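Visitor: Could you have a look at this structure, given as structure tokens, before my questions?
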Amino acid sequence: MSHDLYATWATTEIVRSIKANPSILFQSNVVTNQLTAFANRESGRTWPIPDGRISGNTANKDFDIAIELKRTNEGLHGVLTAIGQSQAYLHKGYNSSIIVIPDSYNSFGNPGNYIANVINQTNNNLPIGVFTYSQPDTSQTSPFHGKLTCHRNVGFDIHNAPQVNTQISSATNTQWAHLREGSSESHAFFKYLQTAKRISTNDISIEPNINHLPQELIDAVSRITNSVSALNYLSFATGSSLHDLIWRYFWFENVLTNDISKLYSSSQPFVVQDSNSPLLLENGVFKKFFSGRSDSIKNKIIDKLNGGTISLNDAWDEFARNIHNRAHSYREDIDSGLSHLGFLEDDGRPTELGYRFIDICERTGDFYSGQAKMILGSSILKNGDLAVLLHYFYKISEEIFSNDNFAFTSQVNGRYSFNKDAYLDRVKDVLANDLSVMNTASIRGGQSRKAFQGELAVLSKFGFIGDRTNRFRIGNGLLINWPLIQEYLNFEI
């Protein structure tokens, strides 16, 4: 098992231990039912990056804990580096940190007590906890359950926590990567990375040209705001960083293009300007933005114009606001997804893995199969921790159906029907409340989205689970293609 997988599982069990016994973390008494905590991950890539993260709240105060895990193969040298890394996380802005190391090494029998003594003698007030672990049991839903020993409580004083200028990113809502169907296509990822490669080596003071935009759209922005330029408003990027510049180039070159930025192609009556973007989908067609369906924003605005229920200025204003909001959500999907998968540095430049993905796509012109698919699929499972999510699905389902083969199943007119929505809600409940690896209180996506809608769609595209028509089975739950998953896990990235 990989280092990242161990770290993810250990973080899950530590947060459960803290919720069961808050004295592990806090100096003063904390009422258990007033404590919320869940395992998640850093949304950015500002160094140093912890192996795991726990976020929570008590007494109306938020807190974040960084986890540093070492494997046996890292040797005793890892024991010393863990001490330094745990302090670096405090300097970065984490309220506390926890070291997790093996319970013994061949040449050293009690490393947990050793680290605890070093911290106590050098600075006893440091809010750093120390845990050791024995071999995890992968047959369990939480493989580190019963495998952790606490050698030093964290000793975090939340009531007197200093206000620091933190460099840590906001907490994600899940322990695995944020991926959303319709915004995680391989070609879009490639085009964004390619843009980042080009812009990061050019003059970063030169902004993209937006002379192609209709004057009506520019005027709409002026009516909406007099403090933000059309360039910044329509791309939802007001900053001056390299990351912001990369996004603006990607947005205006691949989404808000000349044709797409037009609301209608003719008037009397008005006809929707229905245009393709340069972004290629897996089925060989090009992605559309703002049009193409009856409920698309252009279609709805044109219906209002032809019905006489909206003025032309109001129509352009509504279109501008929609572009602004779409730029925000699409950017979060694209660059957050690429960051979580290990393709982007925090400043927006491609990582080594990102450059590798760019290179294979440029050389082969193949974005949805071959090496490009292997790189992306492997990154989704390993860097994005979707393999961990599938492990949770499998073990939770095993527990559910071992007690009742016909759970979530009804019979009507002699035919059995599986209630997948109720099943997914049960899995979600276990992940959020038993394992504490989801923060359902603020999970994004809107009330109409169903549990795991984005994750399942992405996993299905790679064949890791069944397709829409063959995704669930009575007495089994989610159908998982473990042989294919193992092939991708074995692929070196």
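The values are calculated or read from the model by the stated rules, or taken from the named source; none is laboratory data. Keep in mind it's a predicted model, so treat the numbers as computed, not measured. Here Cβ is always computed from backbone atoms with ideal geometry, including for glycine, and neighbour counts include all displayed protein chains. With ligands, DNA and RNA removed, areas are computed over all heavy atoms of the protein, side chains included. Shrake-Rupley method; radii C 1.70, N 1.55, O 1.52, S 1.80 Å.
Visitor: Given R₀ = 45 Å, FRET efficiency for residue 74-residue 241 by Cβ-Cβ distance, to 0.05? Please report the intermediate quantities before stating the final value.
Guide: Details: r = 34 Å, r/R0 = 0.77.
Given R0 = 45 Å and the Cβ-Cβ separation, E is 0.85.
Visitor: Roll a 1.4 Å probe over the protein chains and send me the accessible area per residue for the chain in Å². It would help to have the intermediate numbers written out before the result.
Guide: Values: 22410 Å² over 493 residues.
Heavy-atom accessible area per residue stands at 45 Å².
Visitor: Using the Cα atoms of region 353-493, I'd like the radius of gyration and the largest Cα-Cα distance, Dmax, both in angstrom.
Guide: For region 353-493, the Cα radius of gyration and maximum Cα-Cα distance read 17.2, 57 Å.
Visitor: Quote to one decimal, in nm, the extra length available between residue 81 and residue 490 on full extension: 0.36 nm per residue of separation minus the C-alpha distance between them.
Guide: Gain on stretching residue 81 to residue 490: 144.5 nm.
Visitor: Here's something else I'd like to know. Net charge near residue 211, counting Lys/Arg +1 and Asp/Glu -1 over other residues with Cβ under 15 Å of its Cβ? Numbers along the way, then the final one.
Guide: Values: positive: 248, 262; negative: 207, 216, 219, 253, 259.
Every neighbour counted, the sum reads -3.
Visitor: Pop out the ³J(HN,Hα) list for region 383-390 in order, Karplus 6.51 cos²θ - 1.76 cosθ + 1.60 with θ = phi - 60°, rounded to Hz; leave Gly and Pro as x.
Guide: 5, x, 6, 5, 5, 5, 4, 5
Visitor: Further question: What is the extension gain from residue 198 to residue 140, computed as 0.36 nm multiplied by their sequence separation minus the C-alpha to C-alpha distance, in nm to one decimal? Don't jump to the answer; show the numbers that get you there.
Guide: On the way: separation 58, 0.36 × 58 = 20.88 nm, distance 4.65 nm.
Between residue 198 and residue 140, full extension yields an extra 16.2 nm.
Visitor: Roll a 1.4 angstrom probe over the protein heavy atoms and tell me the percent of accessible area of region 317-423 that is carbon or sulfur.
Guide: Heavy-atom surface of region 317-423 belonging to carbon and sulfur, 1.4 Å probe: 44 percent.
Visitor: Compute the long axis of helix 370-382 from its Cα atoms, compare it with the longest principal axis of the Cα atoms of the chain, and write down the angle in degrees, 0 to 90, nearest 10.
Guide: For helix 370-382, the angle is close to 50 degrees.
Visitor: Next question. Name the residue from 9, 254, 458 whose Cα lies farthest towards the positive end of the charge dipole of the chain, charges +1 on Cβ of Lys and Arg and -1 on Cβ of Asp and Glu.
Guide: The listed residue farthest towards the positive side: 458.
Visitor: Could you pull out every residue, at least 5 positions away or on a different chain, whose amide H is within less than 5 Å of the one on residue 265? Hs are placed 1.01 Å off N in the peptide plane, and Pro or chain starts have none.
Guide: Here 271, 272, 273 satisfy the definition.
Visitor: To the nearest 0.05, what FRET efficiency results for residue 403 and residue 20 with a Förster distance of 22 Å applied to their C-beta separation?
Guide: Working: r = 24 Å, r/R0 = 1.09.
Calculated value: 0.35.
Visitor: Any idea how far the Cα center of region 100-134 sits from the one of region 313-361, in Å?
Guide: 41 Å
Visitor: Through the Karplus equation 6.51 cos²θ - 1.76 cosθ + 1.60, θ set to phi - 60°, convert the phi angles of region 55-64 into ³J(HN,Hα) values in whole Hz; use x for Gly and Pro.
Guide: 10, x, 8, 7, 6, 6, 10, 7, 8, 9
Visitor: Percent of accessible area on region 89-208 owned by carbon and sulfur, 1.4 Å probe?
Guide: That share works out to 43 percent.
Visitor: Using DSSP to define loop residues, name the chymotrypsin sites (Phe, Trp or Tyr not before Pro) in region 384-493 whose beta-carbon has at most 12 other beta-carbon atoms within 10 Å.
Guide: 406
Visitor: Less than 16 Å apart at the alpha-carbon level, and either on another chain or at least 8 residues along: which lysines does that give for residue 373?
Guide: Within the straight-line limit of under 16 Å, residue 373 reaches these lysines: 191, 382, 461.
Visitor: What label, among [x] -0.80, -0.96, -1.31; [y] -0.88, -1.03, -1.30; [z] -0.85, -0.94, -1.12, belongs to log10 I(q)/I(0) by the Debye sum over Cα atoms at q = 0.10, 0.11, 0.13 Å⁻¹ computed from the structure on display?
Guide: [y]
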